[in-house]
1. Filter the range 9-46 down to the residues that are hydrophobic (A, V, I, L, M, F, W, C), closer than 20 Å to residue 80 by Cα and surrounded by 15 or more Cβ atoms within 10 Å (Cβ to Cβ), then identify the one that is modelled with the lowest pLDDT.
2. Can we say residue 74 is free of Cβ contacts under 8 Å to residues at least 24 places away in the same chain and of a type outside the set (Lys, Arg)?
3. Cβ-Cβ below 6 Å, separation at least six or inter-chain, first residue in the range 97-116 and modelled with pLDDT of 85 or more, second outside any helix (DSSP H, G or I) and of a type in the set (A, V, I, L, M): which pairs?
4. Give the residues of the range 69-84 that are surrounded by fewer than 14 Cβ atoms within 10 Å (Cβ to Cβ) and out of contact with any Ser or Thr (no Cβ under 9 Å at 6 or more places or on another chain), sorted by residue number.
5. Out of the range 47-68, which residues are surrounded by fewer than 11 Cβ atoms within 10 Å (Cβ to Cβ), assigned to a helix (DSSP H, G or I) and either of a type in the set (Gly, Ala, Ser) or in contact (Cβ under 8 Å) with a residue 24 or more places away in the chain (or both)?
Amino acid sequence: MKNFRLVPILLLGVLIPPAMADDLTIAARATASDLIQRLGAVLKKEMAEGGPDNAIAVCRDIAPGLAGELSRKTGGRVSRVSLKTRNTLVGQPDAWEQEVLAEFDRQGGTRGPSRRPWSAPRW
């Protein structure tokens, strides 16, 4: 099973050939983009129709289904994790994800050009 979790690119050079890492990075980014676009469209629609309550329902009820659909489509594991876990069954970050999320928090939620540890698939 492919795993589309994210890893520092430095590790990829050690674990897999660069050309394969590039292909996996492209695939992971495309999958993440697909999830963001699809979920964003539903969120915007529901926010306009019913406000924050509808948006919360989308995140709770629809987002896991979209992630599952993309997991089946790609053969990878697509999930959403956070330092503020709401659903410990599906949203609990592992140690590596906690480290990356904490770094993301330290950067103020911005993805600077010099450090993007979340931009490549993890093995």
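1. First, the residues of the range 9-46 that are hydrophobic (A, V, I, L, M, F, W, C): 9-12, 14-16, 19-21, 24, 26-28, 30, 32, 35-36, 39, 41-43.
Checking which are closer than 20 Å to residue 80 by Cα leaves us with 24, 26-28, 30, 32, 35-36, 39, 41-43.
Keeping just the survivors that are surrounded by 15 or more Cβ atoms within 10 Å (Cβ to Cβ) gives 24, 27-28, 32, 35, 39, 42-43.
Values: 24: 81, 27: 87, 28: 85, 32: 88, 35: 91, 39: 92, 42: 93, 43: 92.
The qualifying residue modelled with the lowest pLDDT is 24.
2. Numbers: free of Cβ contacts under 8 Å to residues at least 24 places away in the same chain: no; of a type outside the set (Lys, Arg): yes.
For residue 74, the condition - free of Cβ contacts under 8 Å to residues at least 24 places away in the same chain and of a type outside the set (Lys, Arg) - is not met.
3. Within 6 Å, the pairs are 97/81; 101/83.
4. 72, 75, 82, 83, 84
5. Residues of the range 47-68 that are surrounded by fewer than 11 Cβ atoms within 10 Å (Cβ to Cβ), as a first pass: 48-49, 51-53, 61, 65.
Now narrow it down to the ones that are assigned to a helix (DSSP H, G or I): 48-49, 52-53, 61, 65.
Hits for the range 47-68 are 48, 65.
The values are calculated or read from the model by the stated rules, or taken from the named source; none is laboratory data. Given the structure is predicted, the values throughout are model-derived calculations rather than measurements. Glycine gets a Cβ as well: all are built from the backbone with ideal geometry, and neighbour counts include every protein chain shown.
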